[in-house]
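> Right, I'll just put the structure down here and ask away after.
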Amino acid sequence: MTWTDLEQRLQELNQAIEEHFARITLVTASVQANGLTLSLDFSGVYYVGKDALEQPIDECWDVHAQDVQEHQLALGSDLLIPQVQRDHPRLRGHLSAVAGLYYAAPPTRPNELVSELFRVHDPAEYGPFGMYGPYGNVEVGYGELASGPQALMDAYLEVLEKQGMRPNILSGTPASTSNEVQLLNLSGEQEWAMSCFVLARSFTANRVR
């Protein structure tokens, strides 16, 4: 079976899940030789037909993630409807061009530099401040301040320009392509911080009960 089979089943159960007549639970996760397998339990009831006949739900689906790049799982938790996404803040660090931000002069206001960088940093989009920099002793007057997604480095560059640091960005190549890394969003968050997700190259699904 393919991921499409699971998507079709989720579409049938969508209303029941949203109205809390049905639930999806992440039961187990196991490492396989070529990836990660998640076991999802479907339970509850849903209603079909014009007479709204009640149908019980008692199913188990295995979802296999191929070539896992990153994950965070909350076993035993109830999930929102699982979605494979190709545009999400958690993905962008893997898909964006990686740029290095360099400077050739010390800051005119060194005590304010970190707070100014912090103000332009969006943690919902890029994660915790500091994971891409800044690092090093800026008062030396030259070097690399940070490295990370191009858009974030562009925001940092404006701060450095106002500090008189003569900044320059050297862009790299994309870390991947949109066809190579996908996000299985199991908890619904649309920000960088997530409680339950898997980043992998592909996903397949198989109904086992």
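> Out of the residues in region 41-55 that are surrounded by 13 or more Cβ atoms within 10 Å (Cβ to Cβ) and either touching a His at 6+ places or on another chain (Cβ under 9 Å) or among the charged types (D, E, K, R) (or both), state the one that is farthest from Ile81 (Cα to Cα).
Applying the filter and picking the extreme gives Gly44.
> While we're on this one: Restricting attention to region 18-40, which residues are open to solvent by less than 50 Å² (accessible area, probe 1.4 Å) and more than 23 Å from the chain's Cα centre (by Cα)?
Ala22, the sole residue that qualifies.
> Which residue, of Leu75, Leu101, is among the aliphatic types (A, V, I, L, M) and either in contact with a Gly (Cβ under 7 Å, 6 or more places away or on another chain) or open to solvent by less than 70 Å² (accessible area, probe 1.4 Å) (or both)?
Values: Leu75 fails: either in contact with a Gly (Cβ under 7 Å, 6 or more places away or on another chain) or open to solvent by less than 70 Å² (accessible area, probe 1.4 Å) (or both).
Just a single option satisfies the conditions, and that option is Leu101.
Condition check ((1) open to solvent by less than 10 Å² (accessible area, probe 1.4 Å); (2) in a loop (DSSP other than H, G, I, E, B)) across all residues:
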{"site": "Thr108", "(1), (2)": "no, yes"}
{"site": "Asn111", "(1), (2)": "no, no"}
{"site": "Glu144", "(1), (2)": "no, no"}
{"site": "Gly148", "(1), (2)": "yes, no"}
{"site": "Leu157", "(1), (2)": "no, no"}
{"site": "Met165", "(1), (2)": "yes, yes"}
{"site": "Leu199", "(1), (2)": "yes, no"}
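> So, in region 1-17, of the ones that are open to solvent by less than 50 Å² (accessible area, probe 1.4 Å) and of a type outside the set (D, E, K, R), which residue ends up modelled with the lowest pLDDT?
Trp3
> Could you say whether any residue in region 66-80 is touching a residue at least 40 places away in the same chain (Cβ under 8 Å) and either hydroxyl-bearing (Ser, Thr, Tyr) or touching a His at 6+ places or on another chain (Cβ under 7 Å) (or both)?
Our first condition is that a residue be touching a residue at least 40 places away in the same chain (Cβ under 8 Å); within region 66-80, this holds for 66-80.
Filter once more, keeping what is either hydroxyl-bearing (Ser, Thr, Tyr) or touching a His at 6+ places or on another chain (Cβ under 7 Å) (or both): 69, 77.
Yes, that holds for at least one residue.
The values are calculated or read from the model by the stated rules, or taken from the named source; none is laboratory data. Given the structure is predicted, the values throughout are model-derived calculations rather than measurements. So basically every Cβ, Gly included, is an ideal-geometry build from the backbone, and we count neighbours across all protein chains shown. Heavy atoms of the whole protein, side chains included, go into the accessibility calculation; ligands, DNA and RNA do not. Shrake-Rupley method; radii C 1.70, N 1.55, O 1.52, S 1.80 Å.
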